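First the structure, in the form of structure tokens, and then the observations on it.
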Amino acid sequence: MPYINVQITKGATRDQKRTIVKEMTDTLVRTLGKKPEHIHIVLQEIAEEDWGYNGMLTDEWKQQGT
């Protein structure tokens with residue numbers, strides 16, 4: 001039973017999330033021969049202030065325009 005946990009910053013649309021789930025499922029079916037009904041995918045949206053990048057909080061990093 002494959003389990004995938006995808007962590008992204010907040011802001012993805014429902015359609016984008018649907019696409020992520022479908023494409024990851026399709027990849028595991030095609031690559032590993034798994035049945036779609038055995039695949040579990042969890043999308044976790046994390047606030048940019050709770051995500052660090054390049055030694056900074058992501059929201060602060062983005063404010064720099066880098």
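If you filter the range 30-66 down to residues that are touching a strand residue (DSSP E or B) at 6+ places or on another chain (Cβ under 8 Å) and assigned to a strand (DSSP E or B), you find that the one that is farthest from ARG14 (Cα to Cα) is HIS40. Tally up the residues in the range 3-25 that are surrounded by 10 or more Cβ atoms within 10 Å (Cβ to Cβ), out of contact with any Leu (no Cβ under 7 Å at 6 or more places or on another chain) and of a type in the set (Lys, Arg), please. Residues in the range 3-25 being surrounded by 10 or more Cβ atoms within 10 Å (Cβ to Cβ), out of contact with any Leu (no Cβ under 7 Å at 6 or more places or on another chain) and of a type in the set (Lys, Arg): 3 in total.
Residue pairs whose Cβ atoms lie under 7 Å apart, separated by 6 or more positions or on different chains, with the first residue in the range 21-45 and free of Cβ contacts under 8 Å to residues at least 40 places away in the same chain and the second of a type in the set (Lys, Arg) and surrounded by 15 or more Cβ atoms within 10 Å (Cβ to Cβ), are LEU28/LYS34; LEU43/LYS17. Can you confirm whether the range 26-36 contains a residue that is surrounded by 10 or more Cβ atoms within 10 Å (Cβ to Cβ), among the hydroxyl-bearing types (Ser, Thr, Tyr) and modelled with pLDDT of 95 or more? Yes, the conditions are met somewhere in the range 26-36.
The values are calculated or read from the model by the stated rules, or taken from the named source; none is laboratory data. These numbers were taken from a predicted model, which means no experiment stands behind them. Quick reminder, even Gly has a Cβ in these numbers, built from the backbone with ideal geometry, and neighbours come from all protein chains shown.
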